[in-house]
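Report on the following structure.
The values are calculated or read from the model by the stated rules, or taken from the named source; none is laboratory data. Please read these numbers as outputs of a predicted model, since none were measured by experiment. Note that we place each Cβ from the backbone using ideal geometry, even for glycine, and neighbour counts take in every protein chain shown. Just the protein is used for accessible areas: all its heavy atoms, side chains included, with ligands, DNA and RNA removed. Shrake-Rupley method; radii C 1.70, N 1.55, O 1.52, S 1.80 Å.
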Amino acid sequence: MYECYASFNRYGDISKFITDPDLLQVTGDECVYISNENDYDIAVDLETCYASFDEVKLFIAFLATQICELDNAAQRFHRKKRVKNGGRGYVSLPSPAGTYRIDYSQSMEDNPAPQEEEFHFILVFIYMEEKKRVSFDYWCTTENSQLEVVFEYKENKFFLRTYGAIDNIPDNWEEE
């Protein structure tokens, strides 16, 4: 069922996205679908958005053109990185109650067998709770779990900042 969602460039058909800001519409549940249900069925949730729809619709349309590359970055991180010491090398960061964060620089290393890692997640919702930050809510296709991936937009470019509980990901994580 989800075979089409398990590879790089899986969101590469830009014609399946709504990239014209004048065509974007808010639904009754405060979402803006940036792709049709029969295509990718991805929505931006405005319920917790930092600004009104009119203020962010140009950015949402631009974001729709970037989904493929941002999803590819999440998949590359999933395949290239792993937690040190066989998955037991977590270094926790100070976090609010109910939140668990792991420090990237002290906890992560390159994965020696990146081709073996499959990405069993599909992008469902995007949240824009802070200006210049977007949060991708991925749903797992093999078990009941979710994955949050956060990107920061600065200098006309997106940077991966958080992958699940892994936080403080540097701009150059792919070059390390």
At 7 Å along the Cα-to-beta-carbon direction for both Tyr50 and Lys16, put a label point, then send me their distance in nm to one decimal.
-> 3.0
Obtain the nm distance between the two label points defined at Gln25 and Val124 by a simple spin-label model: each point lies 7 Å from its Cα along the Cα-to-C-beta direction.
-> 2.4
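Which of rounded, prolate, oblate describes region 8-100, given a ≥ b ≥ c as roots of the alpha-carbon gyration tensor eigenvalues and a/c under 1.5 marking rounded, otherwise prolate only if a/b is larger than b/c?
Details: a/c = 2.96, a/b = 1.58, b/c = 1.87.
Because a/c hits 1.5 or more and a/b fails to exceed b/c, region 8-100 counts as oblate.
In nm, what is the difference between 0.36 nm times the number of residues separating Ser92 and Cys140 and their Cα-Cα distance?
Using 0.36 nm per residue and subtracting the Cα-Cα distance, I get 14.8 nm.
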For helix 53-80, what angle does its Cα long axis make with the longest principal axis of the chain, in degrees from 0 to 90 and rounded to 10?
-> 30
Given the rule -39500 (n - 2.57) for each run of at least 4 DSSP H residues, summed and divided by the residues of the chain, what is its mean residue ellipticity at 222 nm, to the nearest 500 deg cm²/dmol?
-> -6500 deg cm²/dmol
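Could you look at region 6-80 and say what percent of its accessible area is carbon and sulfur, using a 1.4 Å probe and all protein chains? Numbers along the way, then the final one.
Details: 1670 of 3740 Å².
Accessible surface attributable to carbon and sulfur in region 6-80 totals 45 percent.
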So for the pair Lys131, Glu69, with labels modelled 7 Å out along Cα→Cβ, what separation do we get in nm?
-> 2.3
Using modelled backbone amide H atoms (1.01 Å from N, in-plane), which distant-in-sequence or interchain residues come within less than 5 Å of Ile102's amide H?
-> Leu93, Ile166, Asp167
Using the reciprocal of the averaged 1/r over all distinct C-alpha pairs, how large is the Kirkwood radius of the chain in Å?
-> 17.1
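Which value, in Å², gives the accessible area per residue of region 19-149 when a 1.4 Å probe is used on the protein heavy atoms? Write out the running numbers ahead of the final one.
On the way: 7250 Å² over 131 residues.
That works out to 55 Å² for each residue.
Where a ≥ b ≥ c are the square roots of the eigenvalues of the C-alpha gyration tensor, would you call region 94-176 rounded, which needs a/c under 1.5, or, failing that, prolate if a/b is larger than b/c, or oblate?
Working: a/c = 1.27, a/b = 1.05, b/c = 1.21.
It comes out rounded by the Cα gyration axes.
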